[in-house]
Amino acid sequence: MTVVSGIQPTGKPHLGNYLGAIRNYVKLQNEAHDSGGRCFIFLADLHAISMPHDPAELHASTLEMVATLVACGLDPAKAVLFNQAQVPAHSELQWLLMGTARMGWLNRMTQWKDKAGKNREGQSVALFGYPVLQAADVLLYQANYVPVGEDQKQHLELARDIAQKFNNDFASEDAPVFTLPDPYIPKAAARIMSLRDGSRKMSKSEPSDMSRINLTDDADEMAQKIKKAKTDPEPLPSEIAGLAERPEALNLVTIFAALDETTPEAVLAEHGGKGFGHFKPVLAEKLLEILGPIRESFVELRQDREVLDAILARGAAQAREASRPTLNAAYNALGL
Ligand code: ADP
Ligand code: NA
């Protein structure tokens with residue numbers, strides 16, 4: 001089993017990142033380690049330059065994100081933790097795959113359409129080509145497990161299409177250059193929604209900080225955000241069907257269930273019939289129970305610049321070595 005996944009080091013990591021991605025990195029890191037497999041988790045700093053960005057801020061957030069990942073339980077002794085920019089094979093393979101990826105495939109990416117909006121002409125070429133870099137990220141390590149949130153499923157399908165076409169066009173059937181990666185999407189928390197609008201996902205790019213719980217929020221900030229979270233005046237139903245038309249209520253129940261590693265049904269069985277005056281404080285307490293220790297460990301790690309730099313340097317050296325055979329095979333296959 002080879003696990004590969006990445007997270008952008010822009011903005012503050014939030015509860016959606018934790019429940020939809022980081023928590024699964026930790027589980028898969030342990031599974032891979034116990035079964036003799038490998039786990040690569042990278043900070044997608046090369047992806048971050050596809051949008052307007054501040055260089056000093058990007059550098060600082062990269063270090064903050066390593067501290068966050070380690071605070072959440074990623075262990076540099078079990079997983080290879082690195083940033084893309086220190087492993088040139090990522091950009092190299094992206095360029096090699098640019099010859100295989102089709103304009104039409106990229107044009108269909110919903111994230112491109114969402115991010116570009118009406119102003120496609122004004123976007124960077126990197127924003128358009130970004131899914132090809134993402135394909136390179138996972139194909140370089142022959143990943144077969146890619147833990148991502150629901151929003152990344154389409155990009156992973158694109159990575160499979162690129163791998164398949166490249167193998168068909170340039171490799172013999174018995175010696176494919178790339179393994180086709182499978183997404184690993186957690187059912188429970190695949191899509192945590194904004195606290196202010198149940199129709200949008202919780203995201204770093206949402207302007208209002210009240211829309212998300214940051215992993216770096218303190219107890220008061222968390223309690224305040226849950227208290228102000230948009231809901232409705234109805235009490236919680238005792239059956240999940242009762243939440244069908246109540247996205248904000250469903251989101252809070254989903255968050256509680258994910259934090260408690262139980263199901264929304266079980267949460268409703270316990271709290272059905274009660275209103276948000278009761279449920280919100282219970283949720284805030286659960287958040288603090290899970291995220292409090294993570295925040296404490298983050299605050300401590302963040303001070304230790306040398307340790308963070310060392311983790312990244314060691315991870316990059318391991319990733320450079322691990323990616324070399326596939327990169328060489330891709331060059332060879334292309335006649336380069
Ligand atoms: P963001 O969209 O906040 O900028 P990233 O694009 O860096 O976050 O995503 C990092 C990981 O977190 C990805 O695997 C993504 O699928 C997951 N993720 C992001 N937002 C959510 C969410 N609201 N719910 C569940 N998973 C999410
Ligand atoms: Na995203």
Q | Close pairs (8 angstrom Cβ cut-off, 6 or more residues apart or separate chains): within 21 Å of residue 298 (Cβ to Cβ) in the stretch 201-228, near ligand 1 (Cβ under 10 Å from one of its atoms) and aromatic (Phe, Trp, Tyr) anywhere | A | 215/18
Q) Can you name the condition, by its number, that residue 167 falls short on among (1) free of Cβ contacts under 8 Å to residues at least 12 places away in the same chain; (2) over 30 Å from residue 257 (Cβ atoms); (3) surrounded by fewer than 18 Cβ atoms within 10 Å (Cβ to Cβ)? A) (3)
(Q) If a residue must be free of Cβ contacts under 8 Å to residues at least 12 places away in the same chain and of a type in the set (A, V, I, L, M), how many such residues does the stretch 49-100 contain? (A) 3
Q.
Quick check on my filter: what residues within the stretch 5-20 are surrounded by fewer than 22 Cβ atoms within 10 Å (Cβ to Cβ), of a type in the set (Gly, Ala, Ser) and within 22 Å of residue 142 (Cα to Cα)?
A. none
Q) Pick from the stretch 3-15 the residues that are touching a Pro at 6+ places or on another chain (Cβ under 9 Å) and among the β-branched types (Val, Ile, Thr): which of them is nearest to ligand 1 (Cβ to nearest atom)? A) 7
Q: Would you mind finding the one in 148, 177 that is β-branched (Val, Ile, Thr) and either without any contact (Cβ under 8 Å) to a residue 12 or more places away in the chain or within 14 Å of ligand 2 (Cβ to nearest atom) (or both)?
A: 148
Q. Do we find a residue being surrounded by fewer than 24 Cβ atoms within 10 Å (Cβ to Cβ), under 23 Å from residue 325 (Cα atoms) and hydrophobic (A, V, I, L, M, F, W, C) anywhere in the stretch 28-35?
A. yes
**Q.** helices (runs of 4 or more DSSP H) wholly inside the stretch 213-273 containing at least 3 residues that are on the phi > 0 side of the Ramachandran plot and not assigned by TED's automatic domain parsing to the domain that holds residue 63
**A.** none
Q | From the options 56, 77, 67, residue that is buried (at least 20 other Cβ atoms within 10 Å of the Cβ) and on the phi < 0 side of the Ramachandran plot | A | 67
Q. Residues in the stretch 16-46 that are in a helix (DSSP H, G or I) and either small (Gly, Ala, Ser) or more than 8 Å from ligand 1 (Cβ to nearest atom) (or both): how many?
A. 18
Q. Tally time: how many residues in the stretch 130-162 are more than 23 Å from residue 79 (Cβ to Cβ), crowded, with 22+ Cβ neighbours inside 10 Å and either more than 13 Å from ligand 1 (Cβ to nearest atom) or of a type in the set (A, V, I, L, M) (or both)?
A. 2
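The values are calculated or read from the model by the stated rules, or taken from the named source; none is laboratory data. Here the structure is a predicted model, which is why all the values come from computation and not from measurement. Because the Cβ atoms are built from the backbone with ideal geometry, glycine has one as well, and the counts that use them run over all protein chains shown.
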